[in-house]
Structure formats: structure tokens, C-alpha cells
1. Quick check on packing: order 130-143, 68-81 by the mean number of other C-beta atoms within 10 Å, highest mean leading.
2. Counting Lys +1, Arg +1, Asp -1, Glu -1, what net charge surrounds residue 108 among other residues with beta carbon under 12 Å of its beta carbon?
3. Report in % the part of the accessible area of segment 142-194 that belongs to carbon and sulfur, leaving out ligands and nucleic acids; probe 1.4 Å.
4. So for 168, 55, what's the accessible-area order with a 1.4 Å probe, most first?
5. For segment 37-86, what relative contact order do you get, as a whole percent, if you take Cα pairs closer than 8 Å and at least 6 residues apart?
6. Over segment 77-182, average the accessible area per residue using a 1.4 Å probe and give it in Å², no decimals.
7. Around residue 70, what is the net charge, scoring Lys/Arg as +1 and Asp/Glu as -1 over all other residues with Cβ under 15 Å from its Cβ?
8. Go through 169, 58 and list them by solvent-accessible area, largest first, probe radius 1.4 Å.
Amino acid sequence: MWWQRLARSTTSAWPEHSTAAAPQLRTGAARLAGRRGLPVDVAFDAPFPTTPGLVSRDYQTGDGAYVLVAPAKGPLKKVVSDKVFAADGKYGSYGAPSEVRLKASERRGDGDEVFEYTFVALTPAMREVARRVRARAIQVGGDDVFILVAGSTAARWKNAEPALCKAVDSFSARPAPEFSAEMSAYRKKGVSSR
């Protein structure tokens, strides 16, 4: 991949108290590097345990959330759909997703948008499964788009939606602090953030 993980992911229980009806949230966080090396801190409230690759997944239901990085080439809507539904992506592993439909979109600020899609993906057994995802895309530094994709099967969406939407709403991506070792190294290379 053209980006690298600069710091290990962390998971911590948050909030420390939860009700039986609401899943316990954990913070998934990491420092990633964009294509030109800009260190970017990303974080989200993960509804399930999070792996070092910033993948939060319930292995029993298949519900989950994960982070992608894409070049900022064109409108965010196109960047997100091209990356999320790529033939070599998570949902294209067994064939390109079909019946991709944009259900809703919301602009949250300059370079910050949320999209909701429905589509059909193939399973390893080559069965078609209707799915639904919500993706938040944040453009950082002018060159890169950091995307949190949270999804479930269409049949489970009603139950999974509250936790997945909370993860999307909590997603943040911003340049690392100026005083960080990674940002210092980035600055010494003579590359400025935009």
C-alpha cells in the first residue's frame, strides 16, 4: 500500500459503563501517513474490538467498521464510491459489488461528507448478500481522503445502525500535532502540509 501505519492502534473501553441494550464502545485510534508522508491522527468509537489495522468487527454477525485511505482526486462522492466498491476492495473480493445505490449524503463541513449506500456483494460461497454501509470521508492535507466505512447486511441494518452510525459520527482525521516526532520528521523532509 502507499500508506503506512506509523503508530500502533489502541483500543480502550469507552465509556466505562454501558447498558445491556447498547454495545460497549472502544476507541480505535492510529497515526497513519498520507501519500506524501503527512502524519494524520485518525480515531473513532468502535462498536466492536479493533485490530491494529483499524478494523472493528463482530465476527458473529459480520457487522463492522474499517478505515481506508484514498488519493483526493475529484469530488468526495466519487473518491468514496471508487474506493469502497473497488473490485480489489473488501466488498469486491469475490466479484465487483452490484446494484450500488447512494441512499443519502450529508455535507458536514469543507472536505467532510457522509454517504450511505446499499449494494449487493458476493460471499466466498458466491451467494449474493444485500448490504448497507455508511461512510464518512474527511480530506486532510489536500492530497488524501481518510474514510471510515461502517456496514452490515441489509437484514441486520436496523439492529446495527445505531452503533455503526455512532462510529461514523465520531470519526475524526486531522494532521498530527506539530510537536509529534512524526510531524517533526515530516517537516525536516521539507514537505509542508496544506
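The values are calculated or read from the model by the stated rules, or taken from the named source; none is laboratory data. A quick note: this is a predicted structure, and the numbers were derived from the prediction, not measured. Reconstructed Cβ throughout: ideal geometry from the backbone, glycine too, with neighbour counts over all protein chains shown. The area values use the complete protein model at the heavy-atom level, side chains included, leaving out ligands, DNA and RNA. Shrake-Rupley method; radii C 1.70, N 1.55, O 1.52, S 1.80 Å.
1. Working: 130-143: 21.1, 68-81: 16.7.
With the highest mean Cβ count within 10 Å placed first, the list reads 130-143, 68-81.
2. Details: positive: 107, 136; negative: 106, 110, 112, 113, 169.
Computed value for this residue: -3.
3. Numbers: 1420 of 2660 Å².
Ligands and nucleic acids excluded, carbon and sulfur reach 53 percent.
4. Working: 168 0, 55 55 Å².
Final ranking, largest accessible area leading: 55, 168.
5. 20
6. Values: 5230 Å² over 106 residues.
Here the residues of segment 77-182 average 49 Å² of exposed surface.
7. Details: positive: 35, 36, 73, 77, 78, 83, 90, 136; negative: 82, 88, 112, 113, 143, 144.
Cβ neighbours under 15 Å give a net charge of +2.
8. Numbers: 169 80, 58 40 Å².
From most exposed to least exposed: 169, 58.
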